[in-house]
Amino acid sequence: QVQLVESGGGLVQPGGSLRLSCAASGSIFSDYAMGWYRQAPGNKRELVARISSAGKTTYADSVKGRFIISRDNAKKTLYLQMNSLKPEDTAVYYCNHYPIVISSWGQGTQVTVSS
């Protein structure tokens, strides 16, 4: 089982950037497809971006062209570079496998986009 710990969130102004990290431990990280998910208040948790074990990436339409997902298998770390942030990107961001493994949800990291 993989344990996942997200970090890098914070308060940023519209148009700003943040880089999220997800540190994995406990299993062979490189074998798994991984994803970044987010949940805004009152909304369902949604998939933002995913990356295969081979590095193929897919993005939700709402973040395409602004967010970049990447992974460093040697460091067992997943990243999400978020650029041109909008208020509607405000949410708690989580990493998990793709498809999700319910037992792998971490605490998430809060991203707030506001002036």
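The values are calculated or read from the model by the stated rules, or taken from the named source; none is laboratory data. Since this is a predicted model, take the numbers as computed values, not measurements. Reconstructed Cβ throughout: ideal geometry from the backbone, glycine too, with neighbour counts over all protein chains shown. Protein only, heavy atoms only, side chains kept; ligands, DNA and RNA dropped before computing areas. Shrake-Rupley method; radii C 1.70, N 1.55, O 1.52, S 1.80 Å.
When both the range 61-89 and the range 1-60 are represented by their alpha-carbon centers, they are found 7 Å apart.
In the context of the full set of protein chains, the chain has a per residue accessible area of 52 Å² (1.4 Å probe). Note: relative contact order over the chain, using C-alpha pairs below 8 Å and six or more positions apart, is 37 percent. As a fraction of the 1.4 Å probe accessible area of the range 49-107, surface on carbon and sulfur atoms comes out at 53 percent. Straight-line reach from residue 64: taking Cα to Cα under 25 Å and skipping same-chain neighbours fewer than 8 places apart, the lysines in range are 44, 56, 76, 86. When +1 charges are put on Lys and Arg Cβ atoms and -1 charges on Asp and Glu Cβ atoms, the dipole computed for the range 1-51 relative to its Cα centre reaches about 160 debye. Using only side-chain charges placed at the Cβ, +1 for Lys and Arg and -1 for Asp and Glu, the dipole size of the chain relative to its Cα centre rounds to 120 debye.
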